[in-house]
Amino acid sequence: MNEEKSRVTTVRLQNISYGHKQSATLKAAIELDLFTKISEGAGTFGEVASALGITELNAERLVVACAAIGLLEKVGVRYRNAPDVERFLVRGKPSYVGPWLVFSAHDFEHWKDLKDFLTTEEPPKVLGLYEELTEDMAREYHEATYSVGLGAGFLFAKNVDLTRRKCILDLGGGSGAYCIAALQRYPHLRAIVMDFEPVTRMTRKFVAQWGLQEQISTLAGDFTRDPFPEGADVIIQASNLPQYNEETLGQVLRKGFEALEPGGEYHVVGETISDEKDGTLGPALWGIHEALFGSLGRAHSESEVRSYLEKAGFVDITVNEFIPGSLTRITGIKPA
């Protein structure tokens, strides 16, 4: 019996190879609004079929697959959303992140050719895909990331005391979500979002929705190359860590150190892997994703980011859990 339990099989490997099928199932369920309808009371195959306008056979296929993945739970004879699905994938809730998860599935076709990207002889670029960023690309990306970014921004504002701070510089701030969230909690602040010009056009639209045009300004530029504005006592660099190599990150951090007011704080909110470099899954996949983008980036460990901050001159460096399995907040202080 013990030998039977410990027998090595191919099941784990097969399930990994089926990853694209799980992603496609999730994408279809979001696009059909399955989780919203289940939240509203559709809990059987027949009810789901009626709510989605599909056959009962296809409703059964979709619901059973979602339950197997862990997106739905069976209670008695009815299905309900898993807790994270109920919170994040029910349309109309402030925490809804459906657009981001659907957007993440857009590069299926590229991932199937990962071997070709890994074996290409074409030299990588510092910014990879972002060196060819267009307004359409910027709009599509930041419309998808806005909701999830805003959630992270509110968490940042909750965890970091900005009571005595005056000005935030958000590097690669995209939609401005972190700055928008910070000003909801600390309305005395002003902020600058520095990003590529096509992105800053989107930033201004999101900022205007909150009526914060007077407090949040934009600066078009490439923060890996262009100078930083002076006067900030907080710098945030969030969710772009794997896009760069050690050299580029070192240059950015040194510029940040020089631009910060004495006593200011620099926050790297990044997708870090373990110091042993054997995980974490999400950040590790973002690292290999850079092969598709043709950049110099890779996944960085927490200890590596600490060392980058130390070399730039920062002190009192702390590593703070932010979103387990996804993001870590690593903070350095510029001596007063």
As I understand it, the value is the acute angle between the Cα axis of helix 246-259 and the longest principal axis of the Cα atoms of the chain; what does it come to in degrees, rounded to 10?
50 degrees
Could you sort out which of LYS27/LYS74; LYS37/LYS93; LYS166/LYS334; LYS125/LYS334; LYS158/LYS255 sit more than 19 Å apart by Cα distance in this structure?
LYS27/LYS74; LYS125/LYS334; LYS158/LYS255
Give the Rg (one decimal place) followed by the Dmax (whole number) of the stretch 2-93, computed from C-alpha coordinates and expressed in Å.
15.1, 51
Less than 12 Å Cβ to Cβ from GLU131, Lys/Arg counted +1 and Asp/Glu -1: what total charge do the surrounding residues give?
0
Formal net charge of residues neighbouring ALA59 (Cβ-Cβ distance under 14 Å; K, R +1; D, E -1):
-1
The exposure ranking of ASP233, ASP226, fewest beta-carbon neighbours within 10 Å first, is ASP226, ASP233
So which GluC sites (Glu not before Pro) in the stretch 95-197 pass both tests, a DSSP loop state and at most 14 other Cβ atoms within 10 Å of the Cβ?
GLU121
What is the magnitude of the charge dipole of the chain about its Cα centre, with +1 placed on the Cβ of each Lys and Arg, -1 on the Cβ of each Asp and Glu, and no other charges, expressed in debye to the nearest 20?
980 debye
Considering only GLN213, GLN243, GLN14, give the residue with the highest GNM mean-square fluctuation for the chain, with springs between Cα atoms whenever their separation is below 10 Å.
GLN14
Neighbouring Cβ atoms within 10 Å as the yardstick, rank TRP210, TRP286 fewest first.
TRP210, TRP286
Averaging over all projection directions, find the projected area of the Cα convex hull of the chain and quote it in nm² with one decimal place.
20.7 nm²
What number comes out for the charge environment of ASP116, summing +1 per Lys or Arg and -1 per Asp or Glu over other residues with Cβ under 13 Å away?
-2
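No value in this document is a laboratory result; all are computed from the given coordinates. Worth saying up front: this structure is predicted, and the values here are computed from it rather than measured. Here Cβ is always computed from backbone atoms with ideal geometry, including for glycine, and neighbour counts include all displayed protein chains.
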